[in-house]
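First the structure, in the form of structure tokens, and then the observations on it.
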2 protein chains.
Amino acid sequence: MLSNSSKYALKAVLYLANKTDESHKLMVKDLSEPTQVPKAYLAKLLQALSKQNIISATKGPKGGYYLTKENKENPVYSVIEVIDGNQRLEACVLGIDECNAQHPCPLHEYVNPTRTALLSTLKKMTIAELSLDLSNGASFLSR
Amino acid sequence: MLSNSSKYALKAVLYLANKTDESHKLMVKDLSEPTQVPKAYLAKLLQALSKQNIISATKGPKGGYYLTKENKENPVYSVIEVIDGNQRLEACVLGIDECNAQHPCPLHEYVNPTRTALLSTLKKMTIAELSLDLSNGASFLSR
DNA sequence: GAAATAACATGATAAAAATCATATTTCGGA
DNA sequence: TCCGAAATATGATTTTTATCATGTTATTTC
């Protein structure tokens, strides 16, 4: 459904969400372990997210990655969008460019409602909201 | 969401559904054009589907691919399953193996209901049912 | 202002997915 | 029974995704 890259990015961002802010940062290696994402690979993903202002970073000693208030207000979908682009979830299930409500592919009417619902959730819900369950112990990023 | 292979396979199977039966078959090249799928690639996909009895085939002159009554009663999902496997749509969105209702990932409760609905649709609906709209002119495989 | 530490930029390698090509088998018809 | 037409089996190539590695730049601290 999502690429590995998106999955990894989401895990890292959610982890950052309730562990960091402007004065509490984390380095790649501190993210790699709890999220189970290979360090070098994660580094590349974080750089991409940082460049698109989905997450924040400062270089040098005492530096690291973190999420500002504004970062935390971003929709969950923004992470997916930066990494996978928007076509992966939004394009026609059969990959037919001309598919739309007026000129639907055979799956359109069956798949679209639930797909739209999913997208709408991902676009409305913020990183902050989603990470709440995590801090409550109501959800988990690993065993 | 789906791999290119699955998209291609679905298009081909749906096309076969209302163009073929035991006495009307189609060759790869006759499927390649209307579905917009590269011929050699489609050939490989059809062979995989045939081997798993999702579609039927006969060799030699007057041969080709076709769908029997039984083939047409298969769920749409069976095509996806043969090509992509079941993990692509059924595994945890974040790729966390231990994720389940009792031990959910942060996205689980938000994504799962709609994902389950989607899967249930794909597993219930048969090829025959889905191809009806196509024969009505209510849906399309290309422009 | 030098040294250490962190992200950043870039590119190399590996694995998987997508695509193409070709020889082999099976079957129908002349 | 032989020829051609079709799927089948197999594998080669290309492209994309995933992964690893390393040199460069910015920033803090001494």
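The values are calculated or read from the model by the stated rules, or taken from the named source; none is laboratory data. From a predicted model like this one, the values you see are computed outputs, not experimental measurements. Cβ atoms come from the backbone with ideal geometry, glycine included; neighbour counts cover every protein chain shown. Note: areas computed on protein heavy atoms with side chains; ligands, DNA, RNA excluded. Shrake-Rupley method; radii C 1.70, N 1.55, O 1.52, S 1.80 Å.
List of remarks:
- Selection of helices (runs of 4 or more DSSP H) fully inside the range A:45-101 by the criterion of at least 3 residues being closer than 30 Å to B:Pro34 by Cα returns A:87-90.
- Residue count for the range B:92-104, restricted to those that are more than 7 Å from chain A (Cβ to nearest Cβ) and open to solvent by 30 Å² or more (accessible area, probe 1.4 Å): 4
- Being within 26 Å of B:Met125 (Cβ to Cβ), of a type outside the set (Ser, Thr, Tyr) and within 15 Å of DNA strand D (Cβ to nearest atom) holds for only one residue in B:Glu22, B:Glu90, B:Glu81, and it is B:Glu22.
- Among residues of the range A:120-143, those that are assigned to a helix (DSSP H, G or I) and surrounded by 17 or more Cβ atoms within 10 Å (Cβ to Cβ), counted: 7
- Among residues of the range A:22-38, those that are assigned to a helix (DSSP H, G or I) and either hydrophobic (A, V, I, L, M, F, W, C) or surrounded by 13 or more Cβ atoms within 10 Å (Cβ to Cβ) (or both), counted: 6
- Lone qualifier among B:Leu107, B:Leu94, B:Leu122 - being modelled with pLDDT of 95 or more and within 14 Å of the chain's Cα centre (by Cα): B:Leu122
- Taking (1) away from chain B (no Cβ under 14 Å); (2) farther than 20 Å from A:Arg88 by Cα in turn, A:Ala48 satisfies each apart from (2).
- When B:Lys19 is tested against (1) within 14 Å of chain A (Cβ to nearest Cβ); (2) buried (at least 22 other Cβ atoms within 10 Å of the Cβ); (3) more than 12 Å from DNA strand C (Cβ to nearest atom); (4) not in a helix (DSSP H, G or I), just one condition goes unmet, and that condition is (2).
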